[in-house]
Amino acid sequence: MTHMPRFIQLHHSNAEQIQTELLEGLATPQAHISPKYLYDELGSKLFEAITCIPEYYPTRVEASIFKAQAKALADLVPKGASLIDLGAGNCQKAANLFNVFQPARYVAVDISVAFLKGALECLQRQFPDMDMAGVGMDFSTQLQLPSELGLSPGDARVLFYPGSSIGNFTPSEALAFLKQVHACCAVNKHGGLLIGVDLVKDPRVLQAAYDDALGVTAAFNRNLLLHLNTLIGSDFKVADWAHVGLYNTDQSRIEMHLEAVREVTVTWPQGSRRFKAGERIHTENSYKWTLNGFSQLLQDAGFQQATLLTDPQQQFAVCWAPV
């Protein structure tokens, strides 16, 4: 029997709420914008390009771990589970593991199902007997799977969160989020979390990954200004701003900023702000973890002792954390 993927839209954009959030961020002494606004249509395409540049190691190193450790992961992760892909994007990372994990059901979760539809429908043709669903949900603030999915307590749940997206959370936010993930997995005692995490390493390697020579990351970051113009009616000019990617050693995190190259006044229908030359808008953090630190974080969130698999240089880790 050939299934058709189902689509459940829980997240609906609220233009007024978005404008309020963005204007509040621009009004603070240290202006800041949530990194989720980096991912408009062009931003998503630019990020896919970033994953191909030589300096950006996380995507290819994580893929190499999944390939090299396929047998070990097959022994750890329960077969026939419901594979729930958080921030699924084009679904390709999860699809590459179907033959390893043999899930009975695949649930792709992203902030909007619109981007998922084409990918899921294509994936369904490759795996016609698998039950598939797309869920449009902003899980960064609350993770609660819809009852319409029909998940039962008897279904083992494997939550999949690759790509070190956990690094966008502060450590306290990461703990709160992982506690929600644990609650979602723990419906069945065989469930767990499969997660990718970027590790602390030579700051020069980290800095280059977020400030590449070709300037793709700079284009990705500066595109946020064009997205802001669309969302709040502002008049940001890309030429007035430079990309800054730096490693904050004290916080163990990469920071991305947009820095005014000259004094500039930006206006929007509700007001304006003058930025001095050198003043910055903080656009993203990406925290890096040690193996011991991340293992402890998972335990603090309620998981049992995790198995951490790394590449030979220990640049990146793939972790299986059972409930």
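Report the charge-dipole magnitude of the stretch 221-323 in Debye, nearest 20, computed about the Cα centre from +1 at each Lys and Arg Cβ and -1 at each Asp and Glu Cβ.
280
Among L206, I232, V181, which residue has its Cα positioned farthest towards the positive end of the charge dipole of the stretch 178-237, with +1 placed on the Cβ of Lys and Arg, -1 on the Cβ of Asp and Glu, and the dipole taken about the Cα centre? Of the options given, the answer is V181. Taking the DSSP beta bridges with both ends in the stretch 4-152, the antiparallel portion is around 0 percent.
Here the chain carries DSSP beta bridges of which approximately 55% are antiparallel, counting only pairs with both residues inside. Spin-label model, A239/T265: points 7 Å from Cα along the beta carbon direction are separated by 2.0 nm.
With contacts taken as Cα pairs under 8 Å at a separation of at least 6 residues, the chain carries a relative contact order of 22 percent. For the chain, the number of Lys pairs separated by eight or more positions or lying on different chains, with C-alpha atoms closer than 18 Å, is 13. For the chain, the mean residue ellipticity at 222 nm estimated from helices alone is -10000 deg cm²/dmol, where every DSSP H run of n ≥ 4 contributes -39500 (n - 2.57) and the total is divided by all residues, rounded to the nearest 500.
Figure legend: label point modelled 7 angstrom from the Cα of R274 along Cα→Cβ; residues of the stretch 12-44 with amide N under 19 Å from it are 26-31.
Its relative contact order, with pairs defined as Cα atoms under 8 Å and 6+ residues apart, puts the stretch 229-269 at 46 percent. Per-residue Cβ neighbour counts within 10 Å put M256, M130 in the sequence M130, M256, beginning with the fewest.
Here the relative contact order of the stretch 1-150, from alpha carbon pairs under 8 Å that lie six or more residues apart, stands at 34 percent. Full extension of the chain between H3 and E21 gives 2.5 nm of extra length, using 0.36 nm per residue less the Cα-Cα distance. Potential lengthening of the chain between D75 and A49 amounts to 6.0 nm, from the contour at 0.36 nm per residue minus the alpha-carbon distance. Across the stretch 136-147, computed HN-Hα scalar couplings (Karplus, 6.51 cos²θ - 1.76 cosθ + 1.60, θ = phi - 60°) run x, 7, 8, 7, 5, 9, 8, 10, 9, 6, x, 5 Hz from first to last residue, x flagging Gly and Pro.
Could you calculate the FRET efficiency of E173 with T290 from 1/(1 + (r/R0)^6), where r is the beta carbon distance between them and R0 is 25 Å, rounded to 0.05?
Result of the calculation: an efficiency of 0.85.
With a 10 Å cut-off between alpha carbons and a GNM built on the chain, which of I18, I33, I65 moves the most? The residue that fluctuates most here is I18. Considering only A81, A95, A186, the Gaussian network model of the chain with Cα springs below 10 Å gives its largest mean-square fluctuation to A95. Computed from backbone phi, the HN-Hα couplings of the stretch 189-196 come to 5, 8, x, x, 10, 10, 9, x Hz, rounded to whole numbers (Karplus: 6.51 cos²θ - 1.76 cosθ + 1.60, θ = phi - 60°; Gly and Pro given as x).
Every number here is computed from the coordinates shown, using simple stated rules; none is lab data. The structure presented is a predicted model; accordingly, all values stated were derived computationally and were not measured. Glycine also receives a Cβ, built like all others from the backbone with ideal geometry; neighbour counts cover every protein chain displayed.
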